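Okay, so here's the structure we're looking at.
The values are calculated or read from the model by the stated rules, or taken from the named source; none is laboratory data. Since we're looking at a predicted model, the values are computed, not measured. Counting neighbours? That spans all protein chains shown, and the Cβs are built from the backbone with ideal geometry, glycine included.
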Amino acid sequence: MCAMGLNLVEWSDDMSVDGRAIDESRKRLLSLINRMYDVMNNGCDTDTLQNILCDLADYAGYGFLEEEKLMSVSRFPERDEHITEHWAFINSLTVCIADFEKGSLVVSDTLRFLIRWVASHVRKSDVAFGRHLGPGVRRLDERSRVARALVA
Ligand SMILES: [Fe+2]
């Protein structure tokens with residue numbers, strides 16, 4: 001177990017996409033980046049690093065899938081370009097995991113890649129998708145929540 005130090009990245013509301021599941025996925029990504037930063041500073045065990053990489057793969061798998069489904073439903077015009085960026089992330093993460101398995105992962109390089117992802121994708125491409133969705137998606141989600149509560 002690592003002692004948590006300073007955070008490298010912080011969530012801010014201007015990074016919001018849907019105010020719900022997609023935002024939670026991004027908050028989890030930031031938390032994983034901060035954990036990896038802690039690993040770099042405090043030299044935690046390989047199990048911790050492996051868990052972080054597994055959770056990053058989960059973020060890329062489940063998180064991207066949910067986002068891409070919503071892009072299709074909402075007819076997001078930049079969907080194809082956005083999905084290409086997701087695949088580039090998956091390819092880079094796959095290389096990181098392969099390097100980890102070979103014992104040659106450089107944590108600082110991995111952090112640089114993740115920080116670039118936050119700057120170029122999370123803060124720009126994802127936010128552009130959030131603008132496309134607009135406040136309507138939050139109202140729709142609120143109605144769904146109320147409907148679920150009524151039938152429960
Ligand atoms: Fe995305």
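So the values come out like this:
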item: Filter result for residue 138 (more than 16 Å from the ligand (Cβ to nearest atom), modelled with pLDDT of 95 or more and out of contact with any strand residue (DSSP E or B) (no Cβ under 7 Å at 6 or more places or on another chain)); result: no
item: Residue that is in contact (Cβ under 8 Å) with a residue 40 or more places away in the chain and either within 28 Å of residue 6 (Cβ to Cβ) or within 13 Å of the chain's Cα centre (by Cα) (or both), where the choices are 90, 33; result: 33
item: Within segment 61-84, considering residues that are among the small types (Gly, Ala, Ser) and more than 10 Å from the ligand (Cβ to nearest atom), the one farthest from residue 18 (Cα to Cα); result: 61
item: Residue 82 vs. criteria within 15 Å of residue 129 (Cβ to Cβ), part of a helix (DSSP H, G or I) and within 11 Å of the chain's Cα centre (by Cα); result: no
item: In segment 42-80, the residues that are in contact with a Cys (Cβ under 9 Å, 6 or more places away or on another chain), at pLDDT 90 or above and surrounded by fewer than 19 Cβ atoms within 10 Å (Cβ to Cβ); result: 48
item: Subset tally (residues that are assigned to a loop (DSSP other than H, G, I, E, B) and closer than 20 Å to residue 117 by Cβ) for segment 28-52; result: 0
item: Test: residue in segment 1-17 that is away from the ligand (no atom under 12 Å from the Cβ), in a helix (DSSP H, G or I) and surrounded by 11 or more Cβ atoms within 10 Å (Cβ to Cβ); result: no
item: Odd one out for residue 99, checked against (1) in contact (Cβ under 8 Å) with a residue 40 or more places away in the chain; (2) closer than 18 Å to residue 43 by Cβ; (3) not aliphatic (A, V, I, L, M); result: (1)
item: Number of the condition not met by residue 95 [criteria: (1) over 15 Å from the mean Cα position of the chain (by Cα); (2) assigned to a helix (DSSP H, G or I); (3) surrounded by 17 or more Cβ atoms within 10 Å (Cβ to Cβ)]; result: (3)
item: Qualifying residue in segment 52-75 (condition: in contact with a helix residue (DSSP H, G or I) (Cβ under 7 Å, 6 or more places away or on another chain) and among the β-branched types (Val, Ile, Thr)); result: yes
item: Residue 110 being at pLDDT 95 or above and farther than 30 Å from residue 134 by Cα; result: yes
item: Which numbered condition residue 25 misses (of (1) closer than 14 Å to residue 118 by Cα; (2) buried (at least 19 other Cβ atoms within 10 Å of the Cβ); (3) away from the ligand (no atom under 16 Å from the Cβ); (4) not hydrophobic (A, V, I, L, M, F, W, C)); result: (3)
item: Filter result for residue 95 (among the β-branched types (Val, Ile, Thr), away from the ligand (no atom under 16 Å from the Cβ) and modelled with pLDDT of 95 or more); result: yes
